[in-house]
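Inspection log for the structure reproduced underneath, given as C-alpha cells.
Derivation of every value follows stated rules applied to the coordinates shown; laboratory data play no part. Note that the coordinates shown come from a computational prediction; the quantities given were computed from them, not determined experimentally. Virtual Cβ from ideal backbone geometry, glycine too; neighbours counted across all protein chains shown.
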Amino acid sequence: MGNRCAIIGVGQTHYTTKRRDVSMAGLVREAALRALEDAGLTWKDIDAVVIGKAPDLFEGVMMPESYLADALGASGKPMMRVHTAGSVGGSTALVGASLIQGGVHDRVLVVAFEKQSESNATWALSTHLPFSASLVVGAGGYFAPHIREYIRRSGAPEHIGHLVAVKDRQNALKNPYAHLKIQGINQKMVESTPMLWEPIRYLDTCPSSDGACAMVLSAEDKITDSTPAWVLGTAMRSEPISRADRDTVSPQAGKDCAADVYRQAGITDPRREIDVAEVYVPFSWYEPMWLENLGFAAEGEGWKLTESGATALDGDIPWNASGGVLSSNPIGASGLIRFAEAALQVRGMAGEHQVDGARRALGHAYGGGAQFFAMWMVGSDKP
Amino acid sequence: MREIAVVAFAQTRHSATDDGQSEAELIVGVLDEVRAKTGLRRFGFTCSGSCDYLAGAPFSFVSVLDAIGAWPPISESHVEMDAAWALYEAWVALQHGDIDSALVYGFGKPSQGDLREIMTLQLDPYYLAPLGLDQVSFAALQASAAGAGRAELDEIVRRSRADGRANPYALDLPDPAGNDFEVEPLRPYDIAPSADGAAAVVLAAGDLARELCENPAWITGIAHRIEPHYLGMRDLARSASAADAARAAGVGKGHVDVAELHTQFSHEELILREALELGEGTVVNPSGGPLAANPVMATGLIRIGEAAQRILDGGASRTVGHASSGPCLQHNLVTVMEAENG
C-alpha cells in the first residue's frame, strides 16, 4: 500500500438537473474550491491534479483536462485524466491516493464531474453498429435482465427494489447536496411510476444530474485537518464484458476487489466491522445484489437484509446515508461522491445524515457491464 | 524511488489506411509479443490509454479489455490520454512496493474519422471551438511564433522519413516535396501522418526486471507538466511545461544518447530540443518519430518504448522518451532511462 494517505478536504456542488449558470470549468472549480476551503489550503498547496469523468461523448468535449487545466489551477503541475466507465469517480480517487502512497506527491486534488445537461447520456451510452449490435437502450436496458436473473435466483419479492428506492430518497432529504428531494416519498409512490425496463420503474432509477465533487488528499506529514479520514485499503478490479461463463449478477471482479480492500484494512466480517457503506446503486435492486457481492450477506440473502431495515440510516449497517446514486447522479462524479461521503462519515462531518460513531466506511463504484470495480476503505484511526 | 525498468516493448506495423482490424485486434498481437518476451502471463497492474472519439462511440477500452483476456479479474485502470500517461500511472503504482510488474498499452484507429476535425473537440467548447481553428491551424500559429526556417523544417522531415523507411513499424514515405501550404507556414508533410496502430510496454521492479531481460531500461526520472489551455497565456515559441518536466526528470544530469520526441509537427522538434536542452550529440527520433507514423494515443508510449529499446538492445546507455498532449504542446511528459551501468 505504500505511504499513508489521508483525506483532508471534501467539496461538492449542489446536484441538480441543469446547472445553466456555470460552464464545465465553473462547475469543477466550484467543487475544487470547496475542497480546498475544507482543507484550509489554496491552489499553490496542491502538487498535482487528477480529473475523472465518464465518456467524453456525454458533454461533447474530447479530453477535457486540456481545457479544464486552467480552472483547476493545474498550470505548471502534473495533471491526469482517468476514465474507467461508471467506476471512474472511484478510480480517480484511487489514482490520486496512489500518487501519495507511491511517495510521488504530498498533496493531490482529485476532481470528478459530469454535466449531463450538455448532452444525452442514455443515447451516448447506446453503442451502435459497427461496434456492437446493441439490443438495448441505455444503462437500464443493459442491467434490467441481470436484475431479473437476481430475482429468479434469490426468490426476492418484487417490492424489495421499491424499499431501496424509498430509503435512499428519505436519506437524500437529509443531504443538502442531493439532487432528488421527494417529500413524503413512499412505496406507493414508487409503484405508481411507469415501468421503464422491467422490473425497474421510474423511481427505481437514478436521476441525470449536473455536478462535481472534489477531494484534497494528503501525505501523513502534510495534514492540515484535525479529523482526517485515513485510507485503509484501495483496490481496482476489471473483468471482460463478454466472457461466456462470467456471472454478471455477482461478478467475480467485485468479489475480488472487496476481498483485496478488506484484506488491506483487516476486515474479516464486513457486516459487523464496517459502520457505513456508500455503494454505487444506480438501480434500486443493486442494493441487495451488492450486499451479497460485497460479502455483507450470504448469496441469495441480500434482499432479506434490505427488507429487515438493516441498511437504513438507523439500521446496523447503513448503506448510502447520503441518498446515494439513486438521489444524485452526475455519472463520472458518482463514484467519487461515494468515496467522499465515506470520508465525510469517518470525519464526523456528514451533517444530518451522519451515522453516529462511524469509524470505518466503505466507498464503492462500478461501471461498464458490471465489470469495472473501484473501492476504498477509510477510517477515523490512523492505520 | 523504487527501481523500475522497461523490460519489453512491442508495436504494430502502423498502417496509414484501415486494414479492417478492430481496435481489439490491433492490440492482441503486441500483447502476445510482450508476453512472449517476458514470459509473464499475469501482471500486478494493467493500465491503458485510448480515446473514444477516434471511434465516435463510448468505451473503446471496454472491448479491448476482452481482447487482453482479463480473467481471472485483473487490477486495471485506464486513462483517456496517450498511453504514455498510462505508463506513468503504472510506474506510480509500482512505487507502492506491493507489486513487481505492470502491463501498459495504448491503441488508436484514426482511420475511422477525420482526425483534424475530431481534434477540434479538444478545445474549450465555449470560447475556442467556435473560432473554427483546427489542430493544424493551431500548430501553424506555433510554428510562426517559433520562427522556424523552411530549410530546417524540410531537413527534419527528410531525416524523419528516411529513418521511418528504415523502421519496419513506421510508414514508407518519400522525401518531402511540393511548395503548397496546408496552413502557412506548415506544408502537408510537416504534419505527422496519422496511422492505425498499437503498442505495449512491460514494466518490472528491481530483481524481477534483471531476471526478465539482460539490459533493463531503468527509469531514473519521469515527470509531466501541463500549461494553460489558452494560447494567449503562453509563449508559443517555447515549451515551459516540457522544460519543467525535463528538469524534474533529470534529463540534464548526463549525456543523452537518443531522444524520442512526440513531434506531431516538424517545428515541435525545434521547440522540444531547446526545452529538453538536447545537444548536438543526441540523436533525435531515430525511429523516424511521429513524422513517420502517428498511431494516435499510442504515439507517446511508442516514444518511450523506442527510447527504451535502444537500451534493451544494448546500443545506448541513456535515452529520453517524450510524450505530448493538448493543443500546441500544452502537456508534456518526459522519461529518462538508463542502462544498468549507464
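What is the order of B:Tyr127, A:Tyr142, fewest Cβ neighbours within 10 Å to most?
Ranked by crowding around the Cβ, least crowded first: B:Tyr127, A:Tyr142.
Could you give the length gained by full extension between B:Glu184 and B:Arg238, i.e. 0.36 nm per residue of separation minus their alpha carbon distance, to one decimal place? All intermediate terms of the calculation are to be shown ahead of the outcome.
Working: separation 54, 0.36 × 54 = 19.44 nm, distance 1.93 nm.
Working it through step by step, the gained length comes to 17.5 nm.
Kindly put B:Val64, B:Val283, B:Val157 in sequence by how many other C-beta atoms sit within 10 Å of each C-beta, fewest to most.
Ascending Cβ contact count within 10 Å gives the list B:Val283, B:Val157, B:Val64.
Given the C-alpha centroids of region B:238-282 and region A:226-257, what is the distance between them in whole angstrom?
The two parts, judged by their Cα centres, are 40 Å apart.
Taking only Cα atoms, what is the 0 to 90° angle, nearest 10, from helix B:135-146's long axis to the longest principal axis of chain B?
Compared with the principal axis, the helix lies near 70 degrees.
Could you pull out the trypsin sites (Lys or Arg not before Pro) across region A:1-78 that fall in loop regions by DSSP (anything but H, G, I, E, B) with no more than 10 other Cβ atoms inside 10 Å?
Passing both the DSSP loop test and the Cβ count: A:Arg20.
Under a no-solvent Debye model with one identical scatterer per Cα of region B:205-267, what's log10 I(q)/I(0) at q = 0.13, 0.19 Å⁻¹?
-0.54, -0.91
Which residues make up the longest stretch of chain B clear of GluC sites (Glu not before Pro) that lie in a DSSP loop with no more than 10 other Cβ atoms within 10 Å, not counting the sites?
B:1-213
So what's the net charge close to B:Thr220: Lys and Arg +1, Asp and Glu -1, counting the other residues with Cβ under 15 Å from its Cβ?
Cβ neighbours under 15 Å give a net charge of +1.
Which whole DSSP H helices in chain A pass both tests: a Cα extent of 15 Å or more along the axis and a mean Kyte-Doolittle value no lower than -0.5?
Long hydrophobic helices here: A:24-39, A:88-101, A:160-172, A:331-347.
Loop-only check: which chymotrypsin sites (Phe, Trp or Tyr not before Pro) in region B:1-87 are DSSP coil with at most 14 other Cβ within 10 angstrom?
none
For region B:317-342 and region B:101-171, compute the distance between their C-alpha centroids and round to whole Å.
Cα centroid of region B:317-342 versus Cα centroid of region B:101-171: 17 Å apart.
Sort B:His229, A:His159, B:His96, A:His353 by Cβ crowding within 10 Å, fewest neighbours at the top.
Fewest to most other Cβ atoms nearby, the residues stand as A:His159, B:His96, A:His353, B:His229.
Please express the shape of region B:253-342 as an equivalent ellipsoid: the semi-axes are the square roots of 5 times the eigenvalues of the C-alpha gyration tensor, given largest first in whole angstrom.
Computed over region B:253-342, the values are 20, 14, 11 Å.
Report, in debye and to the nearest 20, how large the dipole of region A:238-383 comes out about its Cα centre when Lys and Arg carry +1 and Asp and Glu carry -1 on their Cβ.
In total the dipole reaches around 380 debye.
Give me Rg over Rh for region B:144-295, both radii from the alpha carbons and Rh done the Kirkwood way, two decimal places. All intermediate terms of the calculation are to be shown ahead of the outcome.
Details: Rg = 17.1 Å, Rh = 17.2 Å.
Looking at region B:144-295, the ratio lands at 0.99.
Please check which bits of region B:85-101 a label hung off B:Asp207 would reach, taking the label as a point 7 Å along Cα-to-C-beta and the cut-off as backbone N under 19 Å.
Only B:94-101 pass the distance filter.
Once the other residues with Cβ under 9 Å from the Cβ of A:Gly300 are scored (Lys, Arg +1; Asp, Glu -1), what is the net sum?
Working: positive: A:Arg153, A:Lys304; negative: A:Glu292, A:Glu299, A:Glu301.
Summing Lys and Arg as +1 and Asp and Glu as -1 gives -1.
With both partners inside chain B, how many of the DSSP beta bridges are antiparallel, as a percent to the nearest 5?
Within chain B, antiparallel bridges account for around 70 percent of the total.
Just report the Cα centroid separation between region B:183-224 and region A:173-188, whole Å.
Each part reduced to its Cα centre gives a spacing of 51 Å.
Excluding residues on the same chain fewer than 8 positions from A:Lys222, give the lysines whose Cα lies under 24 Å from its Cα.
The qualifying lysines are A:Lys44, A:Lys77, A:Lys382.
How big is Rg to Rh over region A:173-276, alpha-carbon atoms, Rh as the Kirkwood inverse-mean-distance radius?
When Rh is taken as the Kirkwood radius, the ratio is 1.05.
Can you pull the one-decimal nm distance between simple spin-label points at A:Val137 and A:Ser242, each 7 Å off the Cα toward Cβ?
So the label points at A:Val137 and A:Ser242 sit 2.3 nm apart.
Of the candidates A:Leu217, A:Leu163, A:Leu336, which one comes out as most mobile in a Gaussian network treatment of chain A with C-alpha springs shorter than 10 Å?
Of A:Leu217, A:Leu163, A:Leu336, the most mobile in the Gaussian network model is A:Leu163.
For chain B, take the longest principal axis of its alpha carbons; what is the angle in degrees between that and the long axis of helix B:240-249, to the nearest 10 within 0 to 90?
20 degrees
Using alpha carbons only, how many degrees (0 to 90, rounded to 10) separate the axis of helix B:83-95 from the longest principal axis of chain B?
40 degrees
Using label points projected 7 Å from each Cα along Cα→Cβ, tell me how many nm separate A:Ile182 and A:Arg359, to one decimal.
Computed distance between label sites A:Ile182 and A:Arg359 equals 3.7 nm.
Considering the Cα trace of region A:331-383, what is its radius of gyration and what is Dmax, both in angstroms?
Values for region A:331-383 (Cα only, Rg and Dmax): 12.1, 35 Å.
Between B:Ser241, B:Ser137, B:Ser48, find the one with the highest GNM mean-square fluctuation for chain B; connect C-alpha pairs within less than 10 Å.
Evaluated over chain B, the most mobile residue of the options is B:Ser137.
To one decimal place, what Kirkwood hydrodynamic radius in Å is obtained for region B:1-101 from all pairs of distinct Cα atoms?
Hydrodynamic radius (Kirkwood, Cα only) of region B:1-101 equals 14.8 Å.
Using the alpha carbon gyration tensor of the protein assembly as shown, what are the three equivalent-ellipsoid semi-axes (square root of 5 times each eigenvalue), largest first, in whole Å?
Semi-axes, largest first: 43, 25, 24 Å.
If you add up the charges near A:Phe58, with Lys and Arg at +1 and Asp and Glu at -1, over every other residue whose beta carbon is less than 15 angstrom from its beta carbon, what do you get?
On the way: positive: A:Lys18, A:Arg19, A:Lys53, A:Arg81, A:Lys115; negative: A:Asp56, A:Glu59, A:Glu65, A:Glu114, A:Glu118, A:Asp210, B:Asp52, B:Glu80.
That works out to -3.
Kindly give Rg over Rh for chain B, based on alpha-carbon atoms, with the Kirkwood expression for the hydrodynamic radius.
Rg/Rh: 0.94.
With runs of 4+ DSSP H residues as the only contributors, calculate the mean residue ellipticity of the protein assembly as shown at 222 nm using -39,500 (n - 2.57) per run, divided by the residue total and rounded to the nearest 500.
-10000 deg cm²/dmol
Considering amide H positions built from the backbone, and no H for Pro or chain starts, which residues 5 or more places from B:Gly221, or on another chain, come under 5 Å of its amide H?
Distant-sequence amide H within range of B:Gly221: B:Val336.
Taking springs between alpha-carbon atoms closer than 10 angstrom, which of A:Val22, A:Val164, A:Val346 fluctuates most in the Gaussian network model of chain A?
A:Val22
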